[in-house]
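Step one of this worksheet: look at the structure below.
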Amino acid sequence: MRKHVRKVLLWVFAGVAVAAGILLWRGGEGEEKGRKIIFIPKVIDEDNDFWKLLIEGVRMAAAENQMEVTIVAAKTEDDYEAQNELIEWAVGEKPDAILLTPSSLTETTPYAQKVVDQGIPLILVDSAIDEDIADTVIATDNVKLGEVEGSYMKQYVTEDSCIVIMGHVEGSSTAIEREKGVRKGLGEYEDRIVEVVFCDSDYDKAFELMTELMEKYPDIDLVAGLNEYSAVGAARAIKAENRQDRIRVVGIDSSLEEIQFLEEGIFEIIVIQNPFKMGYLGVEAAAKILNGEKVVKKVDSGCELITKDSVYTEENQKLLFPFREE
């Protein structure tokens with residue numbers, strides 16, 4: 001039975017690879033006695049700077065620590081069932097440690113527990129689950145991240161304001177916490193939020209949703225995007241409708257397109273994370289645990305508000321375009 005399941009899983013991995021491109025990466029294979037770790041992000045997306053930088057941080061830290069790292073992911077961010085199958089597969093591989101970016105706050109938890117039950121160190125990167133079972137969680141303070149957006153928006157709220165929150169994956173810890181932060185930042189103006197929608201981290205879906213929302217609520221004047229996909233998709237729709245002079249958009253993350261939208265004035269601000277640092281610190285934490293060292297339970301990798309006027313400061317340029325050693 002176990003062999004049959006293994007064959008099915010391997011076939012699924014192969015099928016996903018054909019459909020979505022490179023979903024598995026191995027490094028450090030020349031190390032005869034190197035420790036082996038597996039990283040399971042929500043997705044591997046070469047068109048998304050957040051995931052590219054997060055994975056780059058994992059790879060660099062793995063190389064520096066002489067570890068062999070295998071990276072596998074589901075085809076889409078919201079496919080927690082496929083990710084759960086990958087977690088089960090990873091446990092069966094008996095790696096020295098597993099790094100995981102959970103797709104769901106709740107649905108991932110029983111499978112993360114399987115990692116812990118096998119005595120495999122578990123490091124959560126970027127996102128959390130609803131049980132405190134991981135050795136450490138390395139992530140942005142997502143409530144704070146959303147609060148930065150909400151606090152900025154608050155200065156422009158009027159008694160007639162219509163605010164929309166464009167979320168990414170419903171049920172993910174990042175979406176839940178960032179929405180909570182936006183509401184906290186808006187304070188007494190939270191009741192101006194007319195709708196919260198989710199684009200499943202798909203640019204085109206975010207575009208379609210934003211187009212529908214502009215038709216449904218002609219007086220929309222403030223939009224909060226909760227990740228790159230949702231913010232960029234919404235901004236594309238607003239630009240296509242030539243509504244950028246009437247709608248203020250705040251976004252999260254720092255793709256080249258987001259920076260261009262910031263320069264054009266389509267984004268009011270972007271609030272950037274440090275995904276490279278998250279990935280790098282995740283592997284560093286694994287190395288410390290395997291060396292018998294203690295690690296803190298939670299690490300805030302930080303965030304920074306960027307405006308059109310501050311985008312070219314030396315400090316922010318380092319955050320927007322982290323140095324990469326070849």
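For the reader, a short list of remarks on this structure follows.
- Zone of LEU256's modelled label, taken as backbone nitrogen in the range 206-235 under 20 Å from a point 7 Å along Cα→Cβ: 228-235
- A simple spin-label model places the labels of LYS114 and ALA63 3.3 nm from each other, with each point 7 Å out along Cα-to-Cβ.
- The alpha carbon radius of gyration of the chain, expressed as a multiple of 2.2 N^0.38 Å, is 1.01.
- Per-bin percent of Cα-Cα distances, the range 183-255 [10 Å]: 20, 56, 24, 0
- Residue of ALA73, ALA134, ALA224 that the Gaussian network model of the chain assigns the largest fluctuation, springs spanning Cα pairs under 10 Å: ALA134
- Using a probe of 1.4 Å, the accessible surface attributed to PHE261 totals some 10 Å² when neighbouring protein chains are kept in position.
- Computed from the C-alpha gyration tensor, the three semi-axes of the ellipsoid equivalent to the range 154-197 are 20, 11, 7 Å, from longest to shortest.
- q = 0.09, 0.11, 0.16 Å⁻¹: log10 I(q)/I(0) that the Debye formula gives for the range 51-205, counting C-alpha atoms only: -0.36, -0.51, -0.93
- Structure remark: mean-square fluctuation, Gaussian network model of the chain, C-alpha springs under 10 Å; the largest value among THR158, THR108, THR76 belongs to THR158.
- Computed over the range 56-144, the P(r) tail beyond 20 angstrom holds 32 percent of alpha carbon pairs.
- Pair GLU263, GLU188: separation of 7 Å Cα→Cβ label points (nm): 4.1 nm
- Euclidean distance between Cα centres, the range 250-279 to the range 88-141, Å: 28 Å
- Length gained on full extension, GLU208 to GLU88, computed as 0.36 nm times the residue gap minus the Cα-Cα distance: 39.7 nm.
- Mean ellipticity per residue at 222 nm, deg cm²/dmol - from DSSP H runs of n ≥ 4 across the chain, formula -39500 (n - 2.57): -14000 deg cm²/dmol
- From phi via Karplus (6.51, -1.76, 1.60), per-residue ³J(HN,Hα) for the range 236-253 in Hz, x at Gly/Pro: 4, 5, 5, 5, 4, 8, 6, 10, 5, 7, 10, 10, 8, 10, 10, x, 10, 5
- Computed extension length for GLU170-ARG246: 24.6 nm, one decimal, from 0.36 nm per residue of separation with the Cα-Cα distance subtracted.
- Amide H contacts under 5 Å for LEU222, placed H, 5+ residues apart: CYS162, VAL164, ARG248
- Taking 0.36 nm per residue of separation and subtracting the Cα-Cα distance, full extension of the segment from GLU195 to LYS180 would add 4.0 nm.
- Paramagnetic reach from GLU81 in the range 33-50 [backbone N under 19 Å; point 7 Å along Cα→Cβ]: 42-43
- Kirkwood Rh (inverse of mean 1/r, distinct Cα pairs), the range 208-326, angstrom: 16.1 Å
The values are calculated or read from the model by the stated rules, or taken from the named source; none is laboratory data. Every value quoted in this text rests on a predicted model; they were computed, and no experiment measured them. FYI the Cβ positions are ideal-geometry reconstructions off the backbone, even for glycines, and counts take in every protein chain you see. The protein model used for the area step is the full one, side chains on, heavy atoms only, and it has no ligands, DNA or RNA in it. Shrake-Rupley method; radii C 1.70, N 1.55, O 1.52, S 1.80 Å.
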